[in-house]
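Colleague: One structure, pasted below without further comment.
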Amino acid sequence: MEFGTWSPEPLEPGASSSLPDELLVTFDEARAHRVLIFPALFDEANKLRRFTLSFMRALDEAGIDSALPDLPGCNESLAPLAAQTISDWQRCAEQAAQRFQATHCLAIRGGALLAPSDRPGWRYGLLDGPKLLSGLLRAQTIAAREAGLNETRETLIERGRERGLTLGGWTLGASLLKELETATLTPSPQIEEIEQAQLDGGGLWLRAEPGEDPQQAATLAHIIAKGCGVKDEEAR
Amino acid sequence: MSSKPIVHDEFASETSDSTKLRVVAKSDTDRSAEDTLKSILADVLALEREDADALDADSGLFGHMPELDSMAVAGLLTEIEDRFDIVIEDDDVDGEMLETFGGLLGFVVSKTAQA
């Protein structure tokens, strides 16, 4: 496993200032199959971080390269989350796919919202924008109620559409919130959906505290290896 | 920390029964709901199945388990919606419903009966 950086290009053509470098974790031995990973978003990113890395290790053992790039505003990024939008993330995601020369993409949960839809790959535990947003808004209403305030999902989102919102500690800009409200995903012939039931066990995003499950990580890697046409014997 | 059983009166006799594992369920449908809810809580709280099975009506949840914060509860409610095919409104969510396993199961059972 190697830790490096990558630099997304400025999103507006002609913009002079470049974006800050972002973290890039790779297992790269220039092998034939190269999977670019788009992790889960926000709170779920933390809960699935260890799972995601164990999965990458399992892919490596199966003879498959992988890369996990931070996108601006996510994980260790220095860029402010409040300034990010799904459309900007999508452009960065495509840049990352080109730089890594990805043969496939794997999107985890809400990561599917920004992963390239015209490249072959998988979506694991797919979570669309409205559902993701609804979970964050619900957490906020429960926290507000605990603090003796009465906020509903409707009043929160109305305010957020104008000024942005901090939900569960994540500061989301108005543009991103509006995108999430309508960000649904359509099936693509090149992208296979992987359901949680295929991994035997509950999704780790449900965990109250971040956890791990090496067996689930290995099963997901096995599904990907099979999809790449890598046989188990080759992986040993 | 005081905990009071939040179960409907009609189930009270069953609660005091020796069948501690079946704290609220009075019918097969309710038992199935209880099993499903325990399975979801096992996923949320990283419990072994036998520990999840030991949950009873008085087992404290939100406000009793520090790891069960608002984000985890939101995830729990969303999973309940998906698994039971019900919709949980903001107004449905109150302290009583979330405080104990019995309260949550009673809510799920009555909500699925309406669906």
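Colleague: Just need the relative contact order of region A:1-104 here, percent rounded to a whole number, with Cα pairs under 8 Å and 6+ apart.
Modeller: Normalised by residue count, the contact order of region A:1-104 is 32 percent.
Colleague: Relative contact order (percent) for chain A, with alpha-carbon contacts under 8 angstrom and 6 or more residues of separation?
Modeller: On the way: 429 pairs, mean separation 54.5, N = 236.
Relative contact order of chain A: 23 percent.
Colleague: Moving on to the next point. Take the Cβ-Cβ distance between A:M1 and A:Q90 as r, set R0 to 25 Å, and report the resulting FRET efficiency rounded to the nearest 0.05.
Modeller: Given R0 = 25 Å and the Cβ-Cβ separation, E is 0.40.
Colleague: While we're here: So, counting K/R as plus one and D/E as minus one, what does the shell of residues with Cβ under 13 Å around A:T184 add up to? Mind showing how you got there, number by number?
Modeller: Numbers: positive: A:R123, A:K131; negative: A:D128, A:E179, A:E181.
Net of charged neighbours comes to -1.
Colleague: At a 10 Å Cβ-Cβ cut-off, how would you order A:E9, A:E94, fewest neighbours first? The partial results should precede the final answer.
Modeller: Numbers: A:E9 13, A:E94 16.
Exposure proxy ranking, most exposed first: A:E9, A:E94.
Colleague: If you take every residue apart from B:D85 with its C-beta less than 14 Å away from the C-beta of B:D85, what net charge results, scoring Lys and Arg +1 and Asp and Glu -1? Let's see the in-between values first.
Modeller: Details: positive: B:R83, B:K111; negative: B:E79, B:E81, B:D82.
In short, -1.
Colleague: Using only helices, what value at 222 nm comes out for the protein assembly as shown when you add -39,500 (n - 2.57) per DSSP H run of length 4 or more and divide by the total residues, to the nearest 500 deg cm²/dmol?
Modeller: Working: 13 runs with 152 residues, N = 351.
The helix-only estimate for the protein assembly as shown comes to -13500 deg cm²/dmol at 222 nm.
Colleague: Can you compute the modelled spin-label distance between A:Q190 and A:E162, with each label point 7 Å from Cα toward Cβ, in nm?
Modeller: 4.2 nm
Colleague: Quick one: check the C-alpha center-to-center distance for region B:80-115 versus region A:179-236, whole angstrom.
Modeller: The distance from the Cα centre of region B:80-115 to that of region A:179-236 comes to 29 Å.
Colleague: Could you list A:F51, A:F42 so that the one with the fewest beta carbons within 10 Å of its beta carbon is first and the one with the most is last?
Modeller: Numbers: A:F51 24, A:F42 20.
Placing the least packed residue first, the sequence is A:F42, A:F51.
Colleague: Counting only C-alpha contacts under 8 Å and six or more residues apart, can you give the relative contact order of region A:146-191 as a whole percent?
Modeller: Values: 25 pairs, mean separation 11.0, N = 46.
It rounds to 24 percent for region A:146-191.
Colleague: Only Lys, Arg, Asp and Glu count, each charged at its Cβ (+1, +1, -1, -1), so figure out the dipole size of the protein assembly as shown about its Cα centre, rounded to 20 debye. Please list the in-between numbers first.
Modeller: On the way: 32 positive and 63 negative charges, 165 e Å.
Result for the protein assembly as shown is approximately 800 debye, rounded to the nearest 20.
Colleague: Separate question: For chain A, set up a Gaussian network in which alpha carbons nearer than 10 Å are linked by springs, and say which option among A:P189, A:P130, A:P69 fluctuates the most.
Modeller: Result for chain A, Cα springs under 10 Å: A:P189 fluctuates most.
Colleague: Could you tally the net charge around A:E22, taking each other residue with its Cβ under 11 Å from the Cβ of A:E22, Lys/Arg +1 and Asp/Glu -1? Show your work: numbers first, answer last.
Modeller: Numbers: positive: none; negative: A:D21, A:D70, A:E76.
Cβ neighbours under 11 Å give a net charge of -3.
Colleague: Also, I was wondering about something else. Restrict the search to region A:119-207; then list the GluC sites (Glu not before Pro) that DSSP places in a loop and that have at most 13 other Cβ atoms within 10 Å of their Cβ.
Modeller: On the way: sites: A:E146, A:E151, A:E154, A:E158, A:E162, A:E179, A:E181, A:E192, A:E193, A:E195; in loops: A:E151, A:E195.
Counting only loop positions with at most 13 other Cβ atoms within 10 Å, the GluC sites (Glu not before Pro) in region A:119-207 are A:E195.
Just so you know, all these numbers are worked out from the coordinates, no wet-lab data involved. Just so it is clear, the structure is predicted and the values come from calculations on it, not from any experiment. Please note: Cβ atoms are built from the backbone with ideal geometry, for glycine as well, and neighbour counts cover all protein chains shown.
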